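The values are calculated or read from the model by the stated rules, or taken from the named source; none is laboratory data. Here the structure is a predicted model, which is why all the values come from computation and not from measurement. Cβ coordinates were reconstructed from backbone atoms using ideal geometry, including for glycine residues, and neighbour counts include every protein chain displayed.
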Amino acid sequence: MDNNILLRIEDLKVHFLTDRGKVTAVDGVSFSVAPKEIIGIVGESGCGKSVMVQSILRLLEHTEAVKYSGQILYDNKNILESPLSDIRKIRGNDISIIFQDPQTSLNPVYTVGNQIDEVQILHKKVSEAEARKRSIELLHLTGIKDPKQCVKQYPFELSGGMQQRAMIAMALACEPKLLIADEPTTALDVTIQAQILDLIVEINERMGMAVLFITHDLGVVSEICTSVKVMYLGQIVEETKTDMLFERPLHPYTQGLIKSIPRFDGNREDKLNVIEGVVPSLYDVPKGCRFSTRCPYADEKCILEEPPLMETDDINHRVKCWYYKEVEQGLRVKEEGEKPNV
Ligand SMILES: Nc1ncnc2c1ncn2[C@@H]1O[C@H](COP(=O)(O)OP(=O)(O)OP(=O)(O)O)[C@@H](O)[C@H]1O
Ligand SMILES: [Mg+2]
């Protein structure tokens, strides 16, 4: 694999076999992560963001009913075919994940300090004293008021918010090559959120740690991400550099997401735009463009034929829409109101 590529996902599909039949939560996703890159992943609830990133560490395998296809290449190996013993070596060492549920990452039988020290002693070859010093510093940076006390406590002695911070501290302690952050800070208050983002950016700049950052907050994306992938119903529908996404969103779905960012300019008349309709069920995926059931520009072709993720005139910008050029040039009429049932 190219030296400039840390991780490469190739046509990833993730299927769940449920009582009602097979659903494909991630359907043909491909992209590469370069060292130092911070990639934002956005899209409405249920679009497959978590399932996709959890596949990278094979965290879905507690359910019998998951099936993968495609490749996730890391260190010249396909993660999807590696034995779980190899994956365990990658987890929390080369690739760390932080997400909203801290319970699953902290070990109940060790103190918080021991756990954060341990990853550093193992992966960074530092002394116990150095590790403890950094553990206290990291807990402090994630907003824990009394970190010297916290290192001596067991996870059950901490509140949910404190466990969340301890998990973030632990994931960052080993300074992984890739950090996967799945809305890790949404439950925390704004000041702490900002502090944690600063910490992530600091390690990114100092160590070249790449980040896959899932968030609903496009403000955070514009602040820290170098590029963005927009997901809709298991697929990437637009990908580009962050500046470009805000300057020139090409997919009608991305345009809808950007228009629905709340603006706090004090003007109460300023109605929040929402994208009409809901994400279709995975049991009933539209045949053509998946967004066609909600897209104001969709026509017959959109309903019947699935567009590819196409190249645009900008080498870094790809979009999965038949009519993105016409929409950009104002050549397509927007249909208002309910979409016909298709
Ligand atoms: N074990 C499972 N069995 C069946 N379907 C599943 C399973 N896990 C996830 N799904 C489905 O996969 C789809 C994608 O879920 P995922 O959690 O990745 O969405 P998401 O984009 O992370 O949403 P959110 O923004 O709410 O976190 C959803 O429709 C979900 O119901
Ligand atoms: Mg999720």
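For segment 61-84, the tally of residues that are within 29 Å of residue 4 (Cβ to Cβ) and assigned to a strand (DSSP E or B) stands at 9. Beta carbons closer than 9 Å, at least 6 apart along the sequence or on distinct chains, pair a first residue in segment 81-104 that is buried (at least 21 other Cβ atoms within 10 Å of the Cβ) with a second that is among the basic types (Lys, Arg) and at pLDDT 90 or above for 95/177. Can you confirm whether residue 44 is modelled with pLDDT under 95, buried (at least 16 other Cβ atoms within 10 Å of the Cβ) and either assigned by TED's automatic domain parsing to the domain that holds residue 214 or within 16 Å of ligand 2 (Cβ to nearest atom) (or both)? Yes, satisfied. Residues in segment 229-260 that are within 16 Å of ligand 2 (Cβ to nearest atom) and closer than 18 Å to residue 10 by Cα: 229, 230, 231, 232, 233, 234, 235, 236.
Note on segment 194-223: among residues that are within 13 Å of the chain's Cα centre (by Cα) and β-branched (Val, Ile, Thr), the one that is farthest from residue 278 (Cα to Cα) is 211.
Determine if segment 276-293 includes at least one residue that is of a type in the set (Lys, Arg) and either over 23 Å from residue 35 (Cβ atoms) or assigned to a loop (DSSP other than H, G, I, E, B) (or both). Yes, some residue in segment 276-293 is of a type in the set (Lys, Arg) and either over 23 Å from residue 35 (Cβ atoms) or assigned to a loop (DSSP other than H, G, I, E, B) (or both). Take the conditions (1) in contact with a Phe, Trp or Tyr (Cβ under 7 Å, 6 or more places away or on another chain); (2) modelled with pLDDT under 95; residue 287 misses just one of them, which is (1). Residue pairs whose Cβ atoms lie under 8 Å apart, sitting 6 or more positions apart in sequence or on different chains, and linking a residue in segment 57-68 that is within 16 Å of ligand 2 (Cβ to nearest atom) to a partner that is modelled with pLDDT under 95 and of a type in the set (D, E, K, R), are 57/91.
I'm trying to understand the selection: among the residues of segment 15-41, which are without any contact (Cβ under 8 Å) to a residue 60 or more places away in the chain, crowded, with 16+ Cβ neighbours inside 10 Å and more than 8 Å from ligand 1 (Cβ to nearest atom)? Listed by number, the residues that qualify are 15, 32. So which of 80, 12 is more than 16 Å from ligand 1 (Cβ to nearest atom) and touching a Phe, Trp or Tyr at 6+ places or on another chain (Cβ under 8 Å)? So the residue among 80, 12 that is more than 16 Å from ligand 1 (Cβ to nearest atom) and touching a Phe, Trp or Tyr at 6+ places or on another chain (Cβ under 8 Å) is 80. A single member of 51, 14 is within 14 Å of ligand 2 (Cβ to nearest atom), of a type in the set (A, V, I, L, M, F, W, C) and part of a strand (DSSP E or B), and it is 14. So is residue 73 within 16 Å of ligand 2 (Cβ to nearest atom) and either surrounded by fewer than 19 Cβ atoms within 10 Å (Cβ to Cβ) or more than 18 Å from residue 10 (Cα to Cα) (or both) or not? Here the answer is no, as residue 73 does not meet what is asked. When the residues of segment 174-211 are narrowed to those that are of a type in the set (Gly, Ala, Ser) and at pLDDT 90 or above, which ends up surrounded by the fewest Cβ atoms within 10 Å (Cβ to Cβ)? Restricting to residues being of a type in the set (Gly, Ala, Ser) and at pLDDT 90 or above, the top hit is 208.
Every test in (1) surrounded by 20 or more Cβ atoms within 10 Å (Cβ to Cβ); (2) basic (Lys, Arg); (3) in a loop (DSSP other than H, G, I, E, B) is passed by residue 145 save one, and that test is (1).
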